[in-house]
């Protein structure tokens, strides 16, 4: 079945540092790919998406590019803020309607 | 309503007790999903409804788990004879269509079995 593997955390960065969270997927066919974020005490929120190869999803300064050749969807941000502290989930959605989540990466940004 | 509402927010159950978790999706959303999120893990799919029809229940871990959505809106996830391994956050999500980018998640119900 489909699976998603993402960089294990926790990740601790200083404010304004560069962020990369690695994510790779396995799937039959061509899934849609997403990054979801879970802020402390809140529900899961969609951060960004890409629905086909070479698409770049972006939102709030975060970016991720759908790379079919490497089956990857790495999350990046050039300058993180304290408010970005959260758990980030790489996620895929294939022919089945449900989402397949990675195990999550806890990000803490220090001032 | 404006979002997906789940109740109760927290539930403590004694081992062997039956529990019922409620999900109120966004009005008009056709698709409804249940996920189970163990501590420190990503959510895992349990079951999917399109209107009142349960189209996929392949993720339900045992026959102690049962979900229903009789009128195509509110859904209830029932767990019979709870076990300690059932302790998790149970998430509900709804969407107009069954596409991942259209999901809205509820805040979840944290179930602790003691």
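Could you pull out every one of the strands (runs of 3 or more DSSP E) wholly within the range A:1-44 that has 2 or more residues that are within 30 Å of residue B:6 (Cα to Cα) and either facing chain B (nearest Cβ under 10 Å) or touching a helix residue (DSSP H, G or I) at 6+ places or on another chain (Cβ under 7 Å) (or both)?
Values: elements: A:3-6, A:11-14, A:19-21, A:23-26, A:32-38.
Where strands (runs of 3 or more DSSP E) fall fully within the range A:1-44 and carry at least 2 residues being within 30 Å of residue B:6 (Cα to Cα) and either facing chain B (nearest Cβ under 10 Å) or touching a helix residue (DSSP H, G or I) at 6+ places or on another chain (Cβ under 7 Å) (or both), they are A:3-6, A:32-38.
Report yes if some residue within the range B:11-19 is surrounded by fewer than 20 Cβ atoms within 10 Å (Cβ to Cβ), more than 8 Å from chain A (Cβ to nearest Cβ) and either touching a helix residue (DSSP H, G or I) at 6+ places or on another chain (Cβ under 7 Å) or without any contact (Cβ under 8 Å) to a residue 12 or more places away in the chain (or both); otherwise report no.
Looking for residues that are surrounded by fewer than 20 Cβ atoms within 10 Å (Cβ to Cβ), more than 8 Å from chain A (Cβ to nearest Cβ) and either touching a helix residue (DSSP H, G or I) at 6+ places or on another chain (Cβ under 7 Å) or without any contact (Cβ under 8 Å) to a residue 12 or more places away in the chain (or both), one finds at least one in the range B:11-19, hence yes.
Table: residues versus (1) modelled with pLDDT of 95 or more; (2) under 27 Å from residue A:42 (Cβ atoms).
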| site | (1), (2) |
| --- | --- |
| B:11 | yes, yes |
| B:14 | yes, no |
| B:23 | yes, yes |
| B:27 | no, yes |
| B:31 | no, yes |
| B:54 | yes, no |
| B:65 | yes, yes |
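The values are calculated or read from the model by the stated rules, or taken from the named source; none is laboratory data. All values reported here derive from a predicted model rather than from experimental measurement. As a convention, Cβ positions derive from the backbone with ideal geometry for all residues, glycine included, and neighbour counts pool all protein chains shown.
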